[in-house]
Every structure is written in C-alpha cells, then in structure tokens.
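Values in this text are rule-based calculations from the coordinates and carry no lab data. All values reported here derive from a predicted model rather than from experimental measurement. Positions of Cβ are backbone-derived with ideal geometry, glycine not excepted, and every protein chain shown enters the neighbour counts.
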Amino acid sequence: MTPATRPQPVPAAERAAFEARLRGLESRYHIHHPFNRRMASGQCSREQIQGWVANRFYYQINIPLKDAAILSNCPDRETRREWVIRILDHDGTATEPGGIEAWSRLGEAVGLTREALWSQRLVLPGVRFAVDAYVNFARRAPWQEAVCSSLTEMFAPAIHKERLAGWPEHYPWIEAEGLGYFRSRIPLAQRDVDHGLRVTLDYFRTPAEQQRATEILQFKLDILWSMLDAIEKAYPV
C-alpha cells in the first residue's frame, strides 16, 4: 500500500466515540440475565450450578475452534502471532494446563465427574445451537468481524470478580480450588481486549462499518444470553 492509498487515521474523537458505543452494549451482557443474577446472589441450587457448569463447558471447548477459524482466515502475520496465544490459553501446554482444564476442575468442584463433562450428555440443544452458531460465524465471516465478536470480553472481568467474591459465601460446598478459572481469566481478558479492540477500531472506520460492528457485538451478546435462556428453562427455580 502506497502513502497515497493508505487510509487516513480516524480522528481521535471519532475513535473514542466508536469505542464508547461498543462499551455501551454492556447492558446486554449476560451478567444482567435473571439466571446469572440468581446465581450471583446465592439463589441457585446445586443442580442448577452443575447444569450451568456442564453447559458452559461446551462453550469453553469451542473457544479454541473459534480462534483457529479466525487464524485460518487471517492473512496478517503479526495478528496471527498475537491471536494464537488465545488457543494456548484454553488448550494449554505441556507445562500450563490452560482454561479447559481449569473448567474441568470447576466441574469436579461442583460435583460433576470429568466423564459427565467430556461426554457432553448434559449439553442442552439450545446451548449447542448457540455455540455452534458462534463458531460457524467465525469460520465464515471476515476475520476482522470475528475479532470484533470477541469483544464481549470487555465485560468479562466484572462477572469473574462477581463469582470470586460471592460464590465462597453463597456456595461453600464448592471446593475453592475450582474457582481458579475465574481468577486466571481476569488479566487474560484485559490483554485480549486490548488487541481485539485495536483491530476493531482500526478496521471499522465509516459510520456504516461501525454500525456493522455494533451489530456483530450484539450478535455475540445474544449468543451468551440465549445460552442462559436455555439453561434457565431446563433448570427452573
């Protein structure tokens, strides 16, 4: 790309306003879902907690597939170097177990067996449909759009902190070691947001493109919300 054809930088004020619009979608984050509110306030039964952990596990094991799809569509080497770390964060390495293993430990801490988690027999059709829709979006969309969809992580530290603060009191029967996943994701989520937000603010430049970005982020928020809809229906109060 020559200097003559290189896009001009978006004015800082416009860039900040776009970021504010994206962050403004926090009100649709699943931290506000009625099921999560009950879970956060200690109103969920053991069966409900177990159902949530088992179904959310399906989302966790699909995160590396989503990230691999983004990599397969991305021709930019520097972006791939940064993004591939996310796969290792979840799949783990020989020395670092990773997020999927941490979630397996959470499953054990709430009284589920590893076989129950990994067999996926507790995964609800609605949860499976929602998660598969997200992975398919990442496979088919331009990589920048799939990156944008990951920005629900802007809101994730709050929900992790909420569980770390409330679960030991509300659910003392859950083994404390099992909460390690929530603790580990707080700094990692911020790192991932810094990268994903940079890509999104650079790529979506015009008003129409920025509207598309908000629609993509809303789509991902709907995925997370619909998962809890399915769980709430299967495990009623």
- prompt: Loop-only check: which trypsin sites (Lys or Arg not before Pro) in the stretch 106-150 are DSSP coil with at most 16 other Cβ within 10 angstrom?
  reply: ARG121
query: Cα centroids of the stretch 45-81 and the stretch 99-152: how far apart, whole angstrom?
result: 5
task: Kindly provide the helix-only [θ] at 222 nm of the chain, computed as the sum of -39,500 (n - 2.57) over DSSP H runs of four or more divided by all residues, to the nearest 500 deg cm²/dmol?
output: -23500 deg cm²/dmol
- prompt: Based only on the alpha carbon positions, what is the Kirkwood hydrodynamic radius of the chain, in angstrom?
  reply: 18.8
field: Stretch gain in nm, segment ASP132-LYS161, where the contour uses 0.36 nm per residue and the Cα spacing is subtracted
entry: 7.7 nm
message: Give me the one-decimal nm value for the distance between modelled label points at ILE186 and SER72, 7 Å along each residue's Cα-to-Cβ direction.
response: 3.6
query: If the cut-off is a Cα-Cα distance under 15 Å, which aspartates and glutamates reach LYS233, setting aside same-chain residues fewer than 8 apart in sequence?
result: GLU47
field: Spin-label pair GLN218/GLU96, simplified geometry with 7 Å Cα→Cβ offset, distance in nm
entry: 3.6
message: Below 14 Å, Cα to Cα, which aspartates and glutamates can LYS161 reach? Residues fewer than 8 away in the same chain don't count.
response: GLU153, GLU169
field: In order through the stretch 20-31: 3J(HN,Hα) via Karplus (6.51 cos²θ - 1.76 cosθ + 1.60), integer Hz, x for Gly, Pro
entry: 5, 5, 5, 5, x, 7, 4, 5, 9, 6, 6, 4
- prompt: So which lysines can LYS66 reach, going by Cα to Cα under 23 Å and dropping same-chain residues fewer than 8 places off?
  reply: LYS220
- prompt: Once the stretch 1-87 is represented by equal point scatterers at the alpha-carbon sites, with solvent omitted, what log10 I(q)/I(0) does the Debye formula produce at q = 0.14 Å⁻¹?
  reply: -0.88
statement: Longest principal axis of the chain (C-alpha) makes with the long axis of helix 180-203 (C-alpha) an angle, in degrees to the nearest 10, of 20
